[in-house]
1. Calculate the tail of P(r) for the stretch 8-233: the fraction of all Cα-Cα distances greater than 22 Å, expressed in %.
2. Rounding to the nearest 10 and keeping the result within 0 to 90°, find how far the Cα-based axis of helix 8-22 lies from the longest principal axis of the chain.
3. What is the sum of charges around Gly375, taking Lys and Arg as +1, Asp and Glu as -1, for the other residues whose C-beta is under 10 Å from the C-beta of Gly375?
4. As a test of the definition: which semi-axes, in Å, follow for the stretch 249-430 when you take the square root of five times each eigenvalue of its alpha carbon gyration tensor? Largest first, please.
5. Taking the Cα atoms of the stretch 81-160, what is the range of coordinates along each of the three principal axes, in descending order and whole Å?
6. Mind checking the dipole of the chain: about its Cα centre, +1 per Lys or Arg Cβ, -1 per Asp or Glu Cβ, Debye to the nearest 20?
7. Going out from 0 in 10 Å bins, what whole percent of all Cα-Cα distances in the stretch 11-63 drops into each bin?
8. Past 21 Å, Cα to Cα: identify those pairs from Lys53/Lys159; Lys40/Lys429; Lys159/Lys291; Lys135/Lys210; Lys40/Lys180, in the order given.
Amino acid sequence: MVQNQFCDTEARAFVASHAQAVGEDVAMRLFTSRLLGGDKNLVLHGGGNTSVKTTVVDRFGNDLAVICVKGSGCDLQHLEPAGLPALALAPLLELLKLDSIGDEDLVSELRRCLLDSRAPNPSVETLLHAAIPHKFVDHTHADAILALSNQPEGTACIKAAFGDRVTVLDYVQPGFPLAKAVADAFEADSSVEGVVLRHHGLFTFGDDAKSSYDRMIDLVAVAEEFTSQHIAQRTGDVTRLAEGADVDRAQVLATAAQVIPVVRGAVAIPQGEADYCRMVCSWRSDDDLVKISSHAECARLVAMGPLTPDHVIRTSGSYLYLTRDEAADPAACRRAVAAFVDRYQTYFEAHKSRSPVEPAILDGYPRVAVVEGLGVLAFGETYQAATIAGDIAEQTLRGKATAEAFGCFAGLPPAQLYDMEYWPLERAKLGQRPVATLQGQIALVTGGAGAIGFGVCQSLCAAGAVVVVADLNQVAAQGVVDRLFEEYPDAALLAVAMDVTDPDSVQSGMDQVVLTFGGVDVVVPNAGIAHVSSLRDMGSEDFKRVIDVNLFGTMTILQAAAKLFEAQDTRGSIVVQASKNVFSPGASFGAYSASKAGQHQLGKIAALELAPLGVRVNMINADAVFGDQVRSGLWEEVGPDRMKSRGLDEQGLKDFYRDRSLLKVTVTPRHVGDAVVFLASDAASATTGMTFTVDGGVAAAFPR
Ligand code: ZN
């Protein structure tokens, strides 16, 4: 249910702190724009737009009438002054007198009207905002409006709810045609409080920010009330999707851990013969979503288009529906995805002639899978994209469930959906981002809170991977995650407590990763401990402890990874953190050197066994890695003894190792991290079973 969040005191304080910089009008515009953007029942992720008409003094000291309108793709919730570019109003009104104008010309004309040529592209609805004479104009895609306007008799439903308070327009493609339609409607009747666009959303307006906002909230609340009353009064054959049997949460979690990697593998897009465009998964499983996903009518509903057309660029038009059995069976799951892609191609072929120039077909893979009994699995090339798709899919399922309970959901026909999906101005909202080396890949680093682990996580973040910091010490792992967020604010990170010597702990950590991100593509068994002792004086428990963590702890990770890679069936990479000691062991370092030699050998076995799955396994032999940002546990153990035996202090010891190497370099955790990224990347797609040295050059440790 929407609520009016306008607070006079807050508004005054906000204006007081912003008016100096941007003027009162724009400050108020920002204030209520953010209120609208903060309510997911009104808009989601870049949806909706707002404007204010005001006066500015131009460079030559003249007053100029302008409209400040939301930038295309900007988010209302976090709108900043830069996201409200100003355009000269008079030429926009001239444009509205044209009968038609092409997209590229329209964008060019809009840019020409901008006061600051460096500003972002203004909203594709700029002309519509200009056409409405009121000072403030608000536009949302409110769920309650969409539930009513996406009915077969949508206009009648809206009229029944609002009477003469609004004008209802049939669906018109956003941009110039919609601006003209709204301008005409306004000319015919300017007394209304709002304009409802069928299959799209609602515009309200007012001479001050508060009245436009109040009208928006009021009209949406009326729609909500009307809908819920109508549903309550309905009897007989009513489809109530969200009212199934109680959800068994433990059962849902257990099934999800099994099923999600299978689905994630099936929706990865093949790239050439040896790679995939993998996707991150955002799973949504509130009770109502699980119930909706279990309803017999769900498959029909998710195959239909979105609630409002601008969702199509985030989630594609229709969602994939999988029965419980399909989702659990990799072959059946892949068949369902293939059929989905086929249907997409048919849809594209049927409508491509609507584009003035035939566009390249999009991949056609699902971005949302609704799985019977599990709720929503949303996918994206980045965690952010998956989250956006998930937020939209949640609202969409709920909106369709409401629409069905009210009457019957009837979305936008495929032809109009195509127009929106392949409209260049709409696609431009997504922006062009360079593809990161490990985009869409999820990397797990054990011993992630150690010095090398931290460096590896830094490199993986820099390469665009989603990073899971696994460590025995959950608090330390979370500390690393916090530090990484400071350095990489857009990263997707998770701290997981994991005792690699306990298979149950490893499995539950892996499950946590699956439920959070969908699976794992890069695994770095990196957890390790050391113990200094001659064989003569070695304590049995000390020896066993080192073997347990370094060797058995690698086995448990390889085992869990192998099962996950098999379920996903999209290849993958393992980079084992071995050691220079494998080839060049040191006296009084028997437990460590033996465990590392065993671990290195396990890596080779894994390379043999996992090659049929396309999983590559390589080993890194690093040496003398000192961490500056995170202290090395290994050196805490080994350093004092080494310093004592060589009569050196800490810096002296670092210098000693640097000078001992052929290249005379100080080896850092980032050297190791960058090696991990290289080995996990496409660049190494023909390499497995290899030992990669990161030691500054130590002749005695050359692989042989
Ligand atoms: Zn819109």
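1. Roughly 49 percent, once rounded to a whole number.
2. With both axes taken from Cα atoms, the answer is about 80 degrees.
3. Surrounding charge for Gly375 is -3.
4. 25, 20, 14
5. Dimensions of the stretch 81-160 along the principal axes of its Cα atoms: 44, 32, 24 Å.
6. 1800 debye
7. Each 10 Å bin holds this share of Cα pairs: 23, 41, 29, 7, 1.
8. Lys53/Lys159; Lys159/Lys291; Lys40/Lys180
Readers should treat all values here as calculations from the given coordinates under stated rules, not as data from a laboratory. Remember, predicted model here, so these are calculated numbers, not experimental data. For neighbour counting, all protein chains shown are included, and Cβ atoms are generated from backbone atoms with ideal geometry for every residue, glycine included.
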